[in-house]
Structures are given as structure tokens and as C-alpha cells.
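First the structure, in the form of C-alpha cells, and then the observations on it.
The values are calculated or read from the model by the stated rules, or taken from the named source; none is laboratory data. What you are looking at is a predicted structure, and each value in this text was computed from that prediction instead of being measured. Note that we place each Cβ from the backbone using ideal geometry, even for glycine, and neighbour counts take in every protein chain shown. Protein only, heavy atoms only, side chains kept; ligands, DNA and RNA dropped before computing areas. Shrake-Rupley method; radii C 1.70, N 1.55, O 1.52, S 1.80 Å.
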Amino acid sequence: MTAAVLANNLWVLLCGLFVFVMTIAVGLLEVGELGERVIQSLVKTILITGLAVLVMAVIGFNTAFAPTVGGIIGNPFYGPGLILGAFSPGIADSWWSVSGAGLRTGTYFLFETAFAAVTLALVGVVALHKMKLSAFAIYSVVYFVVIWALPAAWIWNPSGWLAKLGMVDFAGGLVVHGAAGAAGLGIVWQIWREEKASGRKTSEVVPYRVNAGWLTIAILLLWVGWFGFNPGSVLAFNDEAIVVVETTFIAAAAAMVSTSMTAYVLTKELFNPLYVVNGILMGLIVITPLAGFVSPGSALVLGLLCGPIFCYAERFVGRAKWMSDPVGLFPGHLAGGIFGVLMIAFFAQNQFATGSGFPTLPNGVLFGGGGAAVKQLGIEAMGIVVAVVAVFLISNLTVRVLAALMKGITTSHAYTGDAETLTGASEKIG
Amino acid sequence: MTAAVLANNLWVLLCGLFVFVMTIAVGLLEVGELGERVIQSLVKTILITGLAVLVMAVIGFNTAFAPTVGGIIGNPFYGPGLILGAFSPGIADSWWSVSGAGLRTGTYFLFETAFAAVTLALVGVVALHKMKLSAFAIYSVVYFVVIWALPAAWIWNPSGWLAKLGMVDFAGGLVVHGAAGAAGLGIVWQIWREEKASGRKTSEVVPYRVNAGWLTIAILLLWVGWFGFNPGSVLAFNDEAIVVVETTFIAAAAAMVSTSMTAYVLTKELFNPLYVVNGILMGLIVITPLAGFVSPGSALVLGLLCGPIFCYAERFVGRAKWMSDPVGLFPGHLAGGIFGVLMIAFFAQNQFATGSGFPTLPNGVLFGGGGAAVKQLGIEAMGIVVAVVAVFLISNLTVRVLAALMKGITTSHAYTGDAETLTGASEKIG
Amino acid sequence: MTAAVLANNLWVLLCGLFVFVMTIAVGLLEVGELGERVIQSLVKTILITGLAVLVMAVIGFNTAFAPTVGGIIGNPFYGPGLILGAFSPGIADSWWSVSGAGLRTGTYFLFETAFAAVTLALVGVVALHKMKLSAFAIYSVVYFVVIWALPAAWIWNPSGWLAKLGMVDFAGGLVVHGAAGAAGLGIVWQIWREEKASGRKTSEVVPYRVNAGWLTIAILLLWVGWFGFNPGSVLAFNDEAIVVVETTFIAAAAAMVSTSMTAYVLTKELFNPLYVVNGILMGLIVITPLAGFVSPGSALVLGLLCGPIFCYAERFVGRAKWMSDPVGLFPGHLAGGIFGVLMIAFFAQNQFATGSGFPTLPNGVLFGGGGAAVKQLGIEAMGIVVAVVAVFLISNLTVRVLAALMKGITTSHAYTGDAETLTGASEKIG
């Protein structure tokens, strides 16, 4: 390997490891916000981590990243991706779509698999203790093969139909955060149907029980994970990868301040841990789709916009009585992810995007992009609508089928709030 | 340094850091399985971490990795390893046995010291609260100088007698896991002798008290640590190192599913956290000795075999009334490590082993290895027997001597299960 | 980028990430020593992390590292550092003072910002629950712009007046640890003034409540963080960076043993978790200012000296009734940091210092440095006095101004020791 290929693989592999940690970190975030007793959160994210590696290795990596069939879905039988080459040594070759940087199949697989895993972990925050763990595990398999794979195949796979139209999404404002929100909506709708059928007038509320220790570990791991998430998405170790470290971190820091201050104005309470932490997360989410296209100054501005967006989105979502989203999938990931994608058309600068591998991305409206920027805005908006609708429908269809097969996806027992026993975390069957 | 030497040192140094974390992670695993009150677990693994660095730097690195005296033990007075060159700048040179990859003494020292430390942490899971911390600390010194060093000097040191016979053990199925089990057997036997002398009919059982938070952190850190453990054991950053990331992760994921499903069949309980976590660990253990010799497809098969092996080994070990092994040293590390070493002769593929630095390793039986594979099986089996017996005997001899000097190695007080005070975790003497 | 420039940036960026983790790790250390209930510790260190990134990006990086005005303070309007180049792509260029190693502005910014953040976290351990979080947040801004920046501009910025006199401080015995102690003194003095004014005869004591889990996570993260802290301070990935890993780890290990044994002699209690952990920290602190100048043998000797120094400094500080320092800022960081800086003149070896970028540093007294070493001792001592006094005065002035504006910096409520509610951790205002 040349020096550049060595550095690229080393970088993306390590970034993949950092992202790999984020799945379980999301479980710790749930525990940090909802209380130590939610053992199920942790088992769930450990299972997601393992299932992601297994299912992606067997087939999901292909359905997302193999050369696509008509721009729609990757060829599941593409040799180098099928069980990563199975018993052949092909895993050591460069993967077709990232061969420019010399990324090996193993490198790219770890990186993208970690993304798939953490996306499902985000979806899973609305499963709470309400959805059967067995149903969620089966959902996971469908998720990695189809639901996660479709937006990835369309936008990140260079042979995908949206990619060919010129849609960009740097590290997953839509492919990760927006799509997680859409898939989660598909689940909460089914949960609500079952709750309603059991006689409830409003969805069961899962209360906050902040556990500061786990909340702190969670935000620490997620922030470190984002060091892999965004900078690694350059898919090479070059000057732009280093820039992305800073745009990512600056947006997070500015959003922490912005969200803390907005919450203070709204509630008169200063430095509530939930707003401090959610502010950091909101900054990280919003910068994700354009971290590799913008300047540090723009990252600062984008971060400052996060406070009002998050706080008002949270209030808006909080009004819905038919669902429970205490960890903030919809105001955070769905709203923040989509907002970030749209901002590409305003804040992008071609000088930065070139280093990320998108030399044809036009400058945004704020940097003289003019008509090209407006056209880009239209492409991004169209992609958002199509992906969100598709993911929502397939996710909802999946849980409906599961509900039919398993006599509902929700657990029969109400959550008592008492300490879960070990047995309570797992499922007694038969 | 050339680009390759830079990458090799950077890779192995970072992998060493990840492995370094695993020692304390084993302490967290104990706490996650046996309850938060076992403060002693944590003090123990912190002490192991520090003692490993100190003792290995002074002498243990030499007894394991300096040019051997007759293939048996490294020369303790080898200059570049004695306090890492003491006051000379020799530490910045390449270590003799890894000079092909240009690994500096400092790089190789950190990597191997982290291995020594985590091996002792595994041994230590059977110390529980039963063995005096002071006795364990003294045992540690002997351990790093002799007990850990011997199998390493025989198998990993290229001048060792087993290495010269052709025995291979990629990242320590025997040198780490099997030997940890053997050393642990030496300890539990002495504990049982003292328990029996005090009138007990069966060994005191230490019950499970799952603490899901610490269990989760532990499995997360151990999985991340194994990213260093196996891929770093290529001792270079090359294509094969990337392959090893995937064989390691795929085996872990497959074993998680396999073990969860086997436990479900046996107990009708789905997703018990202990089986989910132990499944991941079992996959990581079994793949360790051959992660650098096999394909992703073989890693998948090996992972799927883990569930039945672990569950039946656990039942078998659980029948023994004369010892307590709640964290699974014997069914996990001893059985899994030895099984993995034997599988080298079945699953190895020369194409992969060459990248790990073993160009003469024959294909396994399943890949047309024929007579050469059978011969390899014999060598591996012989090495296992010799190393396990030797380590068991020296470990047991060591604790017997300590018992004679310290009026027993076991603590006088029974564990009450009550919250330990700070004082309770340390030892009042005099 | 050439192979060396790739490796240098990759190394320093990753080391920066490891140091970045340390700020929150200090919060976990507080919780590990003082009990889980101190939620405020965690919110504080999360806030510090975010504020460091934001304030340093806007101006603090410049006041510390831009070309100085008369050797005193960096030019706050230096283009490449002002919001890291704001909307220009200059962030991708090498920073002026580290262009020899080709470190990009983004790389160097992350690394140094992480240092600024963790230094303030150390200062913050004396804030305890006594200082208003709002006052601490405002103090943070002043801290990053001026208080942290001055010693950095004088000693680490090559255009600083102390640097030009020949003062060296490898990774921050003075710039980080000593200065943190001096700034903390400025705060505790003001706290005491307010406590006295409210009628107290002695400062409120904050008792130990060891939480072994968090204490363990904290020391683990801090040790891993120091892997970035010292070895990254070579500001390049070369042979010496690898040496620094070992001098750092050996000093920590030796100090763990030395401090545990000293505490045993003084208290007859063996392996008290607090002394085990503080021993590791003391070793890391003492080696910090000279890790890149000394041999592994000298690191071992320095580590062994740590036990007596820490234990006696702790007893000395413990006698002061007018302040509370349970986490050991003064006996650990202030005393240890200054001791380490002075040891440069005794233990430095030019062969090692050259690799760290200080080819003109003379050998220490113990290595034949003679008159040059004595002169170096004088320079270091002078720098210590000037920096400690300056930082103390500015820190104290800052909190006095804040006290005048905010009716005191201390919270009105005494700490009850009861579980803090979420609300208790934040501040109700208006």
C-alpha cells in the first residue's frame, strides 16, 4: 500500500471503530435519560451491534453498497460482498466504489456497518420497553437488509438513482438521522394502534429519570463516536478530513450554548443536563449532512441555530398524545437531520466539498451559488420526501406483518417502574 | 521511518492501547455479573494494570521476548529489554524479533505488556473476594516474570522451542486464554484446599447479581479491546490486519446469535443478558488463535459453533462443587481457547496466514491440507498439553508457597453480600 | 501530504481526541471520589468541554498560539486562527509554529483545545458544589481567553518570552498542572472569603464517598487520555513519540506502587483505592513536563519518588482549614507539576529531548549537564514563579469581579448530602 492508501485505511478503520461504539452509547443515553432500570435498552443495543455485523456481512452490505440493480438496490449476490468474499481472500481487495482512495473491503465494511447499527439504535429509542425484544430482533434483520439499505443504495452508492441526480448527504443527515426518524414513525404508529386497541386514550408516557453518570458516559461516547462519524465520512485521510473534525466539534459546542440559552429563556432554568446534552447532540446531527462541505465559520452559525430549532421542535412533538418519544428521535434526529440536509444548499462551499470527494457540488446560496444552489435545494428536498416516505412505509409494513405473526409487537405487561429483575429484561417464552 | 514502518508502529501502538483497556474491563465485567459491591474486583484490575507495566518493563518483557536460553525462557539480562534499555536510548530501535516490520521496542513492549496484563485479569476472575488482595499482588509479580512468560517464550518468541516445532497461536488461544484457565485452576485448587480445611463441604458460591450498566460497559470495552487484540497481532498494518478486524467481529456476532439461541433452547428464556454477553466473548475467544489464518466465511462458521460449546461446557463446569467460576474462566477461556487452537488445523488457509507472517502454515483439513494439516493438529495438541500442565503446576506451586508464607491465601471473613465499605475493599494489617 | 506529514497529523489528531476525553473524565473522578450525587461535577465538565471548543475556536487559540505581541500574548486577530479562518479554507494549511511537522491548523487546534479544556477541569475540582455553575461558566470564558492562554503563549508558543529564554515544559507540568493549581488557589481564596463572611470558622469540608465504579472508569479514561497527552506532545509521530508512551506508562506504574506502599507505611491500610488511583495520577503528573526528555530508567526513578511526595504534600495541604481540596488539586497537580518541571534540570538527556524538538536542551545534572543544567534549573524556577503568581492573581481578580457582579460566587445553600434532584443540579433563576 502507498502512504496515502495506508493512511486512508488506517483512518477509516479507526473511525469505523469509533462509530461502532455509538450503538451501545445510544443504549446508555436511554438509560441516562430514562433511568438505570431500563436494562432492556442495553440488551437491545448490544443485540443490534451483533446483528448488524452478522446480517450486513451476509447480505446487507451488498444490498446497500454493491453495484445496484437499476439504481434501486445493491446486487445481493455480488461476490466480494457476499459474506465478504466467503472463503476467498477477496476481502483484502479494494471495494469497487471506494477504490480511488484504496479502501479495502474490510475497511469500508466496518465503517458502513457501524453506521447501519447506530441508525437502528436511533430507531430503537422509540421501542422503549413497549416493543417486544423478540419482535425488535426480527425487525432488525429486515432493517439491515432492506430498510437501512435503500437510502444508502440511492444516495451513498454512486450507482444509486438519487446520487446520479446529484443528491449529496455527507455523513447521513437523511441516510442516518432522517431515515431513523421515518422508520421510528412507522413503529410508533403501530405501537399506538395496539395501545388504542387495548383501550388507552393516550400513549403510555415513559418518564424522565435522569441518571447523570450514564448520561455523561453516553454523551462522551457519542461525541467521540462522531469524531469517526463525520471525519471518517471523507473516506480518506486528507486535509479535508481534518477540517471536518473542526466543523463537527464547533457545531456541537455552539449548539450546546445555543440550546442551553434557549432553554433558559423558555424555562428560566439554567444548565438542565438534558438540554446541555441534547444541545450537543443537535449540533452534531445538524452538521452531519454538510460537515464536509462547509467552513468553520458556517459550522459556528449552524450550531447557533440549533437551540431554537430543537426547543420548538421538542414542544411541537411533545403535544402529540398518541406517541412517546422521550429520547428525542423526532425533534432531534428527524427534524435536525432534514434541516441539515436542506442547509447544504445554503452553506456549502465548493472548496471544502472538493476535498470530501464532491468536486461538482455548487456553492450554497450564501456563497454565491445562485441558480445552481436553488436547483441543489430542489434535489435535496425531493430526495428527503422520497426517502422519508419510503422508509416510513416499509418500516410500518414490517411491524404490521410482525404484529400479525406475533399477536402484536407490544409487550403485554405495563411498565411498573420497579427495578427490573434479570428475568424481566429477557423474555420467558413457552 | 518509511511509510510502512510508520503505519506498522502507529497501528500496533494504538492496538496496544486498546488491549491495555481490557484489563480493567475484565474488572468491570466481574462487577457487571456479580454486582456493584465487589469493589475488590476493580482495585484488583487497576493493580494488575500498573504491576504489569512495572514488572514487564523491569524483567518480564525479557523473560518472554528476549532471545531465549535454549528455547525455554528469554534472557532476563538482554540489554534492550532490561528496563527497556534503562538510561540508554536503545528503546527507540526496533526489537530484534519484529524488526522485519520495523516495530520499535516501545511499540512492541506496550502491545505485549497489555496482553500479559489482561491474561492475569482473566486468571483473577476466580480469585473473587476469596483470595487476599495482598496474596494476589505478590502472585502477580511471579506471574509476569515466569508464568505468563513461559508460554509466550515457547510459542510467540521465534526462538522458543514450540515455535521452532511449528506451533502457531495467532493472538493467544493458548498463550492467553488457555494459559489463563490453567493458571486459574492452580488457584482454585488451593482455594478449595483452604475452604475444605475450614470445614466446608462445597466451595462457597458467589451468586450472580447482574448490573446491566457495568456489564454493558464491560462488553463494549472488551469488544473494542479485541479490535486491538487480534488485528494488532498481525504486528503490522497490512491487508491482512484489515481482514482480521472482520474475522474477529464476524465470529463475535455469529457467536452472540448462536449462544443466545442455544440458551433459549436449553432454558426457554430469550436474550438473557448473560448469554448475550458470554456469546460475544466466546466468539472472540474462539477466533483469537486463528483470526489471522482464516476467511470471513470460516469465522462465521466458527462463531456459529460457539453456542453449543459454551453452553455445554458451562453445564459441565457448573457441576463441580469444589470451585466457583461465575464469570466463566473455564467454560469460556479454557475450553474456548483450546478449541480455537485445535481448529487451526481445520480452518487455516495459507493465503491468509501468509499475511499474518506465517507463510509456511499449511491449509487446514477443510481446505485440502491433508497430511500436513493432521501433523499441524498433532503439534498444536502437544503444545496445548505441555503449556496447560506447566502453567497449572507453576501457578499452583506459587500459591502454595504464598499460602505457607501468609497463613493461607484466602480471606478469613466470609462474604456477606452487604455493601462493602471503602475499608472493606482494602486490607487492614497490623 | 508526505508519509511523515500524514503520520504526524493522524497521530496528533488521535492524541487530541484522547486528551479531549480527559475533561469529562475529571468530572467522573470527582464523582468517583465524592459520591454519585455530585451531578454538578458532570454538568460542569460537559460544559467545560463545549465552551473550550467554542471559545478557543473564536479567540483563545489565537491568544495562546498566534504570533505574540511582544512575547506576552498571541495576536487575537491573526487570520488563520480567528474562528479557524472563519469562512476561508485556510484551516487546511499548516499552523505557523508547527509547520516543520506539517501539522494542519485543525490538527493543532484540536490538540491544544483539549489541553485547555482539561486544565480548566482540574481547576474546577475545587469549585465543588460551592461555586455557582453560572459563575463558573463565565469564569470559563475568561479562562480560555486569558488565564490559560498566558502561560501557553509564554512557554509553548515559540515567540513567547519564556520560550525565548530557553524555558521548556514538555507536556505541561507548569502550563497545565502548575497553572491549574495556581488558578484554583485564586478561586478557593475567594470561596473562603465568602464562607468567612457568612460566619464560618473553617471551610466546609466535602467528604469522601468513594464510588468504585466511577473511580475506575475515571482512572482508566485519564490513563488512556495521557497516552495522548504526553506522546502527542512530541507534535509528530517519530521514534521519540513511542519512547514517550513508555516513559509515561512506566512512571505511572512505579508511582502506583510507590504511593500504595507509602500510604501503607503511614496508615497500615493496604491498597486503599484512593491511594492506588492517586498514585497513578501522581506518576502521570510528575512525568508530564519531562516525559519527552528522559529515559525509561529515569521515568522509573521519578515514579518511585512520587509516593512520599504525594503523601506528605497531601498531609500538609490537609492541615489548611480555610479550604477544601478533596480531589487533590494542590498536593497532586500543583506540587507534582512543579516538582516535575524542576526535575528537567536533573534527569533530561539531550538524546531524548532532540526527538521531542528541543535539540538545545542540556543534559540534566545527573547526566553530566554541569553548569548548563544549573542554569536550566534557574530558568525553570523563574518561569514557575512568574507563571504561578500571574495566574493566581488574574484568576483571583476574575472571581472577585464576578463576586461583585453576582452577589458572590458561592451558592447560598449548604450541601445536604442528599440525593440531588435534576433540578438541584441546574440553577433556578428568576
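Selection of the stretch A:82-101 for residues being part of a helix (DSSP H, G or I) and in contact (Cβ under 8 Å) with a residue 12 or more places away in the chain yields A:L82, A:I83, A:L84, A:G85, A:G90, A:I91, A:A92, A:W96, A:S97, A:V98.
Being part of a loop (DSSP other than H, G, I, E, B), under 30 Å from C:A212 (Cβ atoms), in contact (Cβ under 8 Å) with a residue 24 or more places away in the chain and within 11 Å of chain A (Cβ to nearest Cβ) is a property that does not hold for B:V205. The conditions of being in contact with a helix residue (DSSP H, G or I) (Cβ under 6 Å, 6 or more places away or on another chain), of a type in the set (S, T, Y), touching a residue at least 60 places away in the same chain (Cβ under 8 Å) and within 12 Å of another protein chain (Cβ to nearest Cβ) are met by A:T113.
Here C:S233 meets each of (1) in a helix (DSSP H, G or I); (2) more than 9 Å from chain B (Cβ to nearest Cβ); (3) surrounded by fewer than 24 Cβ atoms within 10 Å (Cβ to Cβ) with one exception, condition (3).
Go through (1) open to solvent by 20 Å² or more (accessible area, probe 1.4 Å); (2) within 20 Å of B:N230 (Cβ to Cβ); (3) more than 7 Å from chain B (Cβ to nearest Cβ) one by one and return the number of the condition A:A86 breaks. Here A:A86 meets the rest and fails (3). Scanning the stretch C:119-152 for residues that are under 23 Å from C:A163 (Cβ atoms) and touching a strand residue (DSSP E or B) at 6+ places or on another chain (Cβ under 9 Å) yields C:V146, C:A149, C:L150, C:A152.
Among the residues making up the stretch C:3-48, those that are in a loop (DSSP other than H, G, I, E, B) and more than 7 Å from every other protein chain (Cβ to nearest Cβ) are C:G35, C:R37, C:V38. For the stretch B:38-53, the condition of being charged (D, E, K, R), in contact with a Ser or Thr (Cβ under 7 Å, 6 or more places away or on another chain) and either under 30 Å from C:P273 (Cα atoms) or open to solvent by 10 Å² or more (accessible area, probe 1.4 Å) (or both) holds for none of the residues. In the stretch B:69-83, of all residues being open to solvent by less than 30 Å² (accessible area, probe 1.4 Å) and out of contact with any Lys or Arg (no Cβ under 8 Å at 6 or more places or on another chain), the one that is farthest from C:I242 (Cα to Cα) corresponds to B:G74. Of everything in the stretch B:248-263 that is out of contact with any Cys (no Cβ under 7 Å at 6 or more places or on another chain) and more than 9 Å from every other protein chain (Cβ to nearest Cβ), the residue that is surrounded by the most Cβ atoms within 10 Å (Cβ to Cβ) is B:A251.
The number of residues in the stretch B:103-150 that are crowded, with 24+ Cβ neighbours inside 10 Å and basic (K, R) comes to 1.
Residues of the stretch C:267-276 that are more than 7 Å from every other protein chain (Cβ to nearest Cβ) and open to solvent by less than 10 Å² (accessible area, probe 1.4 Å): none at all. Here A:S159 qualifies as touching a strand residue (DSSP E or B) at 6+ places or on another chain (Cβ under 6 Å), of a type in the set (S, T, N, Q) and either closer than 30 Å to A:T2 by Cβ or surrounded by 24 or more Cβ atoms within 10 Å (Cβ to Cβ) (or both).
Residue by residue, here is whether (1) within 14 Å of chain C (Cβ to nearest Cβ); (2) in a helix (DSSP H, G or I); (3) crowded, with 24+ Cβ neighbours inside 10 Å; (4) free of Cβ contacts under 8 Å to residues at least 40 places away in the same chain holds:
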position: A:V265; (1), (2), (3), (4): yes, yes, no, yes
position: A:L281; (1), (2), (3), (4): yes, yes, yes, no
position: A:I285; (1), (2), (3), (4): no, yes, yes, no
position: A:L305; (1), (2), (3), (4): no, yes, no, no
position: A:F352; (1), (2), (3), (4): yes, yes, yes, no
position: A:A373; (1), (2), (3), (4): no, yes, no, yes
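The single residue among B:F316, B:F346 that is assigned to a helix (DSSP H, G or I) and closer than 15 Å to B:G173 by Cβ turns out to be B:F346. On the basis of being buried (at least 18 other Cβ atoms within 10 Å of the Cβ) and touching a residue at least 24 places away in the same chain (Cβ under 8 Å), does A:W214 make the cut? When the stated conditions are applied, A:W214 passes them.
The condition of being crowded, with 24+ Cβ neighbours inside 10 Å, modelled with pLDDT of 95 or more and farther than 30 Å from C:W11 by Cβ holds for only one of A:G27, A:G16, that being A:G27.
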